[in-house]
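Data first, discussion second: the structure below is written as structure tokens.
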Amino acid sequence: MQVRRIAASALAVSTIFLGAACAGDDLADEGSDSSGSGDKGSVNISGQDFGEVQIVAAMYEQLLEAEGYDVSVQLVGTRDVYMAAGQFPDSVQLIPEYVGGIVDFLNTTENGADAEPLTTPDAAASVEAASSLLEDKGITLLDPSAAVDTNAFFVTQEFSESEGVTKLSDLEGKKVVVAAAEDCAERTDCGAVLTEDYGIDVTEFLPLGFASADVFKSVADGESQLGLTSTTDGTLESQGMVLLEDDKQIQPAQNLIPAVSSDWLADNPDVEGILNVLMAALTTENLTELNGRVAVDREKAEDVARDFLVSEGLLEE
């Protein structure tokens, strides 16, 4: 998915998951102690450690605990850590994922960095294209949600109004400086989108990170005109920024989707129905609002998750 993290070492992989395999309860990170009865056995959830996944992982945890599972959560820095060698470790059964992120990761891990992409802007088509790869890796993807978190670009409200810019195609032929992740310029889902697909004259890429404070400051100060974030960034309005529409729909599908160990799912088939109902309730709009409550209002991810589940009738108060 987006470029949020630094590559993890093989030592980190073995350290995290060897310990988890020896003692499942050790997987739980601070503040995510399980309170379920454990009547249906244990499930370990992993994923990337940033606000959105923290919220969704908390939703998984609370729903499964309510159904009698003993749930542990361990979020880590990068996809490389929880999916070493392109497959689930034995100690992990469930991961909040993104369609394009996991498909691209498995494809390049298996077939090399220059492999023909399997992803498209359509979630179902992307999953279908990767079906044999997913089967080989023992991974089942459940229903994708309507919530989409792709790379996206923003400008200041002032720039949007003065230049008449509301979508990326409005910048065709214009000279802009872009504040973005360190490898954005080379990525087909980042820099190439701007220069090749939209014909924007990018005079410089400033390597300031993904949706970082430095990126926002650079755009706010006028050092750059365009900043990199995601479509579910809940902080934009509070910072006086406007998300530009990807009106050519170039970005690959990055719908939120549960990735499950196929073997574990075969023994726990009820999990599919539990999580598919949640996926049906999530949209880009409500997920953006939830992200804002964590990032701007500083609410706890587990509290935001519970409020949403209760409001959707998925969990009793």
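The values are calculated or read from the model by the stated rules, or taken from the named source; none is laboratory data. Not measured: the values here are computed from a predicted model. Backbone-built Cβ (ideal geometry, glycine too); neighbour counts: all protein chains shown.
Tabulated data
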item: Where a residue in segment 52-74 is touching a residue at least 12 places away in the same chain (Cβ under 8 Å) and its partner, wherever it lies, is among the basic types (K, R), with Cβ under 7 Å and at least six apart; result: Q62/R306; E67/K40; G68/K40; Y69/K40
item: Number of the condition not met by F105 [criteria: (1) loosely packed, with under 14 Cβ neighbours inside 10 Å; (2) under 23 Å from N276 (Cβ atoms); (3) at pLDDT below 95]; result: (1)
item: Subset of segment 223-240 (residues that are closer than 16 Å to V176 by Cα and either in the same structural domain as A57 (by TED's automatic domain parsing) or part of a loop (DSSP other than H, G, I, E, B) (or both)); result: E223, S224, Q225
item: Index of the failed condition, A57 passing every other in (1) assigned to a strand (DSSP E or B); (2) at pLDDT 95 or above; (3) under 15 Å from the mean Cα position of the chain (by Cα); result: (1)
item: Exclusive hit being in the same structural domain as E97 (by TED's automatic domain parsing), outside any loop (DSSP other than H, G, I, E, B) and more than 17 Å from L141 (Cα to Cα), set R306, R298; result: R306
item: Lone unmet requirement of (1) surrounded by 15 or more Cβ atoms within 10 Å (Cβ to Cβ); (2) more than 20 Å from A301 (Cα to Cα) for G240; result: (1)
item: Matching strands (runs of 3 or more DSSP E) fully within segment 115-218 where at least 2 residues are loosely packed, with under 14 Cβ neighbours inside 10 Å, modelled with pLDDT of 95 or more and touching a strand residue (DSSP E or B) at 6+ places or on another chain (Cβ under 6 Å); result: 201-207
item: Selected residue (criterion: nearest to Q62 (Cα to Cα)) from residues of segment 292-307 that are among the aliphatic types (A, V, I, L, M) and buried (at least 17 other Cβ atoms within 10 Å of the Cβ); result: A305
item: Failed item in (1) at pLDDT 90 or above; (2) in contact with a strand residue (DSSP E or B) (Cβ under 7 Å, 6 or more places away or on another chain); (3) farther than 23 Å from A180 by Cβ, with Y82 passing the rest; result: (1)
item: Pair list, Cβ < 6 Å and 6+ apart or interchain, from segment 239-263 residues that are free of Cβ contacts under 8 Å to residues at least 12 places away in the same chain to residues that are surrounded by fewer than 18 Cβ atoms within 10 Å (Cβ to Cβ) and among the β-branched types (V, I, T); result: none
item: Pair list, Cβ < 6 Å and 6+ apart or interchain, from segment 91-119 residues that are without any contact (Cβ under 8 Å) to a residue 24 or more places away in the chain and within 29 Å of L282 (Cα to Cα) to residues that are in a helix (DSSP H, G or I) and among the hydrophobic types (A, V, I, L, M, F, W, C); result: L118/V103; L118/A129
